[in-house]
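Every number here is computed from the coordinates shown, using simple stated rules; none is lab data. As the structure is a prediction and not an experimental result, all values here were calculated from the model. Cβ coordinates were reconstructed from backbone atoms using ideal geometry, including for glycine residues, and neighbour counts include every protein chain displayed.
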Amino acid sequence: MIPSNVLITGGAGFIGRALVGECLRHGHNVSVIDNLCAGTLENLREFCDDIVFHEIDILDAGRVRTAMEAIRPELVFHLAAHHFIPFCNAHPEATLRVNAEGTYVVLSEAARAGARVAVSASSGALYPSQEAPLREELDVAPVDVYGLSKQLMEQIARFIATTSEMSCVAARLFNVYGPFETNPHLIPDIIAGLRGSRTLYLGNTHTKRDYIYVDDVAALLYRCAQLPTSGYTTINIGTGVEYSADEIVREIAGILQSEIEVRVDASRRRAVDKLYQRADTTRLENLLGTTARVTLPEGLERLLTHEGLTSNRQISDVAV
């Protein structure tokens with residue numbers, strides 16, 4: 001197979017780093033566009049001899065077009081976005097510009113440059129809160145500006161897919177975790193709190209989310225780009241299993257063989273926080289023929305090992 005050209009926006013970020021490695025393992029020529037707003041060149045250090053890096057803001061349409069013309073990608077993975085909820089809530093205009101307008105710039109220029117398919121990172125945040133697994137056919141019901149921005153992103157992807165020859169996949173990611181996280185989401189926040197502390201201070205601990213390991217996400221995003229379908233498709237990227245923060249802490253305590261005290265910090269509670277968010281993975285399994293492979297206990301053990309916390313000596317006598 002002749003290697004194809006692949007472009008990853010946001011490739012210096014958390015998921016981007018894993019996806020760069022996945023695409024290189026499949027023998028592709030990989031280029032990355034990133035403005036280093038959240039990602040870092042350090043994330044790409046091990047790949048620096050094998051990729052072409054472009055420091056470009058995706059809102060700079062002229063520079064994006066120039067890069068697309070130089071790269072001529074067959075596959076585009078669009079990950080660049082603002083996605084840390086507190087930042088999005090504090091900066092709604094910037095979030096909407098980057099996540100919606102930036103998506104239009106990337107996808108329209110990709111189609112102009114002759115890309116065959118673009119896979120864009122959407123979010124399970126689009127869905128309403130319900131206890132049953134969330135199917136792609138559900139009406140979207142975002143409750144914050146981040147979810148709204150991803151709804152607009154999907155509408156743009158659908159528009160591009162119906163007005164060009166490039167197919168578009170909106171991959172609705174659920175809660176991704178693993179090494180090299182760039183934002184203090186729940187699991188990295190827990191790990192940070194365990195470094196020398198007896199107690200964790202968390203917000204809502206009973207809400208449940210579907211957590212998927214970053215390497216699984218990279219593999220599934222890559223598989224999305226191999227779909228034989230044309231036009232526009234949405235697909236959940238999750239495990240179909242949900243955990244509360246309390247349950248995650250118990251899993252970590254079991255791995256570390258230490259007891260952990262959790263105290264609720266009212267200042268860290270979100271004003272709007274869905275009770276449930278679990279992916280229905282039927283379409284994922286039917287279209288890709290596979291699903292996530294790393295269970296939460298396995299993924300947490302990998303992450304804790306990466307963070308150097310698997311030895312009880314490195315966690316300071318954590319006790320109830």
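In whole Å, what three semi-axes, largest first, describe the equivalent ellipsoid of the stretch 82-163 built from its Cα gyration tensor (square root of 5 times each eigenvalue)?
23, 17, 9
Taking neighbour Cβ counts within 10 Å as the exposure measure, how do Ser129, Ser258, Ser167, Ser120 sort from fewest upward?
Result, fewest neighbours first: Ser129, Ser258, Ser167, Ser120.
Over the stretch 1-126, what relative contact order in percent results from Cα pairs under 8 Å that are six or more residues apart?
Relative contact order here is 27 percent.
To one decimal place, what Kirkwood hydrodynamic radius in Å is obtained for the stretch 123-168 from all pairs of distinct Cα atoms?
11.6 Å
Relative contact order for the stretch 123-280: what is it in percent, counting Cα pairs under 8 Å that are at least 6 residues apart?
36 percent
Around Arg116, under 10 Å between beta carbons, what's the net of Lys plus Arg minus Asp minus Glu among the other residues?
With Lys, Arg at +1 and Asp, Glu at -1, the neighbours total -2.
Within the stretch 50-71, find all residues whose amide N lies under 16 Å from a label point positioned 7 Å from the Cα of Cys37 along Cα-to-beta-carbon.
Answer for the stretch 50-71: 55-64.
Among Val30, Pro3, Leu75, which residue has its Cα furthest toward the positive end of the charge dipole of the stretch 1-88, with +1 on Lys/Arg Cβ and -1 on Asp/Glu Cβ?
Leu75
If contacts are Cα pairs under 8 angstrom and at least 6 residues apart, what is the relative contact order of the chain in percent?
After rounding, I find 18 percent.
Would you compute the Debye intensity of the stretch 1-45 from its alpha-carbon atoms alone, equal scatterers and no solvent, and pass along log10 I(q)/I(0) at q = 0.13 Å⁻¹ to two decimals?
Results for the stretch 1-45 at q = 0.13 Å⁻¹ read -0.25.
Across the stretch 220-234, in residue order, what do the Karplus-derived ³J(HN,Hα) couplings come to in whole Hz, using 6.51 cos²θ - 1.76 cosθ + 1.60 with θ = phi - 60° and x for Gly and Pro?
6, 4, 4, 5, 4, 6, 9, 4, x, 6, 10, x, 10, 9, 10
Per the Debye formula with a single identical scatterer at each Cα and no solvent contribution, what log10 I(q)/I(0) holds for the chain at q = 0.09 Å⁻¹?
One equal scatterer on each Cα of the chain leads to -0.45.
Would you mind checking the tilt of helix 14-25 against the longest principal axis of the Cα atoms of the chain, expressed as 0 to 90 degrees and rounded to 10?
So the inclination is approximately 60 degrees.
Per residue of the chain, what 222 nm ellipticity follows from adding -39500 (n - 2.57) for every DSSP H run with n ≥ 4, rounded to the nearest 500?
Result for the chain: -10500 deg cm²/dmol, rounded to the nearest 500.
First select every other residue whose beta carbon is under 11 angstrom from the beta carbon of Thr282; then total the charges, Lys and Arg +1, Asp and Glu -1.
-2
Just to verify a number: FRET efficiency for Thr66 and Ser244, C-beta to C-beta distance, R0 = 41 Å, to 0.05?
After rounding, the FRET efficiency stands at 0.30.
Between Val52 and Glu93, what is the label-point separation in nm under the 7 Å Cα-to-beta-carbon projection?
Spacing of the two 7 Å Cα→Cβ label points: 3.6 nm.
Take Arg269 and Thr162, extend 7 Å from each Cα along the Cα→Cβ direction, and tell me the distance between the two endpoints in nm.
4.2 nm
I want to verify a result. In a Gaussian network model of the chain, Cα cutoff 10 Å, which of these has the top mean-square fluctuation: Thr239, Thr95, Thr205?
Highest fluctuation among the options: Thr205.
Under a Cβ-Cβ cut-off of 13 Å, what is the net charge of the residues other than Gln226 that fall near it, where Lys and Arg count +1 and Asp and Glu count -1?
0
Can you give the direction-averaged projected area of the convex hull of the alpha-carbon atoms in the stretch 10-96, in nm²?
Averaged projected area of the stretch 10-96's Cα convex hull equals 5.9 nm².
For the stretch 167-234, divide the Cα radius of gyration by the Kirkwood radius and give the resulting Rg/Rh value with two decimals.
1.13
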